[in-house]
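The structure appears right after this line, and notes come after that.
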Amino acid sequence: VVQVIGGNLSSIRLFAYSSAAMAALRFARHVAELRENRRLFAEQRAHDAWYRSIVQNSSDVVVVADPDGRVAYVSPSAARVFGAGTFEAGMPLADRLTLTGPLPAAPFADAVAASAGPMTGRVAVGDGGHREVEVVATDLRRDPAIAGVVFNLRDVTDRNDLERQLRSTHRRLPPVR
């Protein structure tokens, strides 16, 4: 056997030992990579849970509309703020959200993306009423992770009612002399 390989017995032993050492090093590296991957996965899960908790417990509502203006995502806070079923995946966002102010005559997502700064609007709620909202829209249609327009909606109905009451009270007060 030694002559077939073309070496002596000591070189064969050296080859066998170095092969075993290389295999052990590869195995140790594989184990270390597995441990690192497990650690990174646990960190990612904790990070995802942190973000999910922020979105779920936010007082603002996040709605993502696809480029056609249909609801693709609604944060869990929507049910708490506007009532269950106000926004549902697949429905046209314009069926529930009416924006005020000048918007370009374009498809809903294009019009919102073209507007600058915060907007105001109304959300139709399940009982036939509406809630007044401040809206900030961010065009992320080119972002492959989102591929839509992200709407942050803040219910300002109560604040606006108080402001109207305050203005009404000021109008009824007699002038100060």
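The values are calculated or read from the model by the stated rules, or taken from the named source; none is laboratory data. Here the structure is a predicted model, which means the values were calculated and not measured. Note: ideal-geometry Cβ built from the backbone for every residue, glycine included; neighbour counts use all protein chains shown. Just so you know, the surface numbers come from the protein's heavy atoms only, side chains and all, with ligands and any DNA or RNA stripped out. Shrake-Rupley method; radii C 1.70, N 1.55, O 1.52, S 1.80 Å.
Within the listed set 51, 73, 17, the Gaussian network model of the chain (springs between alpha-carbon atoms below 10 Å) gives the highest mean-square fluctuation for 17.
Extension gain, residue 79 to residue 147: 0.36 nm times the residue separation minus the Cα-Cα distance gives 22.1 nm. Springs between Cα atoms under 10 Å define the GNM used for the chain, and in it the highest mean-square fluctuation of 156, 125, 31 occurs at 31. Between 0 and 90 degrees, the angle of helix 157-172 with respect to the longest Cα principal axis of the chain falls at about 30 degrees. Estimated at the nearest 10 Å², the accessible area of residue 11 is 50 Å² with a 1.4 Å probe. Computed from the C-beta positions of residue 130 and residue 168 and an R0 of 35 Å, the FRET efficiency is 0.95 to the nearest 0.05. Note on the chain: the C-alpha convex hull projects to 21.1 nm² when averaged across all orientations. With contributions of -39500 (n - 2.57) from each DSSP H run of at least four residues, the per-residue ellipticity at 222 nm computed over the chain stands at -15000 deg cm²/dmol. Between residue 32 and residue 15, residue separation times 0.36 nm minus the direct Cα-Cα distance comes to 3.6 nm.
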